[in-house]
Amino acid sequence: MKKNKSIYLLSLFALIFLSCSTDEKFSGSPVGNMQIETLTGTITTPAVNALTGQEIDFTASLPAGKTFSDTVTVEVTTLRTDGGRIREYFDIMPGETSVTDKIEAVGGLVFNTTFELSMTAIELQTTEPGKHYLMTSNKVSVNTGSTGIPEVADDRLKVFLTWLNPKSNNKLRLSIDRPTLADVVVTAFNGGREHVIRNTGTTNSAALSSAIGEYVFSIGGDGPGTLLDQPVDMPYRAILVYPDGKVDVYQGTYNGLTDSSPLVPIFKVTKVDNDGNYTSSQL
């Protein structure tokens, strides 16, 4: 069970505030002469990439062999390298050893960076006299960046491609091999390139598609005068927003990119039916 969420910046003001807050005992050191035991848990996540505000799955586990007779609440944190963080709280039920849930990604301030996911505190619903527990765990690094996530639309899958410093004179070409339709090159849009696949309909253009089947998305050079420097190792990111709100993020680097570099497939999407079902995978 997820509990309330707090967002903090590691500034002097925040540290002063935390030192006076009512939940100091939850995250801080015990008051008085108590036995302190530090528990080292384990946290895992299938997430490799996650952007600001995106929810990621995780499992947080107590140390092997450790259980409690009453509910305990663990604090899980996503911590950015510059100090920004999100902390959320999750219950582990009596006699259980783990909790599986979702937590919001803290994201990043630059195009390519990382944040760390870890367990950072524990609180017992029924305290043990004379003992105070601290909580720590392994840290999982997740790729992130400053790209926003497009809004959900329940009638389509949205695909947005962006890259480092996307400008009219610093562009990537995005080409889509579409089922039963001619290949299409997507034009620039709002600092990147966007294409949508609608759940239903028959309209097909550079901006949208509708056919059932497999779509292969490729990137390459966009022609003379379209790069500030070349060759360049160009980082890119593709964000897929599904009709049900699910988000996939695929990112990588096109090494040695020039304005005449060939198209290279980077991911594919399969429109399964006309009911809003899609799958995707990175190539």
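Read-outs: derived from the displayed coordinates by stated rules, not from any lab. For clarity, every value in this text was computed on a predicted model and none was experimentally measured. Heads up, the Cβs are rebuilt from the backbone with ideal geometry, glycines too, and the neighbour counts pull from every protein chain shown.
For the reader, a short list of remarks on this structure follows.
- Label-to-label distance, nm, for residues given as residue 146 and residue 203 (7 Å Cα→Cβ offset): 3.4
- Ellipsoid semi-axes for the range 156-282, based on the Cα gyration tensor and the rule √(5λ), read 26, 14, 12 Å when sorted largest first.
- The value for the chain of Rg(Cα) / (2.2 N^0.38 Å) is 1.23.
- Evaluated over the chain, the count of Lys pairs having alpha-carbon atoms less than 14 Å apart is 8 (only pairs 8 or more residues apart or interchain).
- Net charge, residue 115 excluded, C-beta distance under 13 Å - Lys, Arg +1, Asp, Glu -1: +1
- Taking the DSSP bridge list for the range 68-220 and keeping only pairs wholly inside it, about 95 percent are antiparallel.
- Cβ charges +1 (Lys, Arg) and -1 (Asp, Glu), total dipole of the chain, debye: 440
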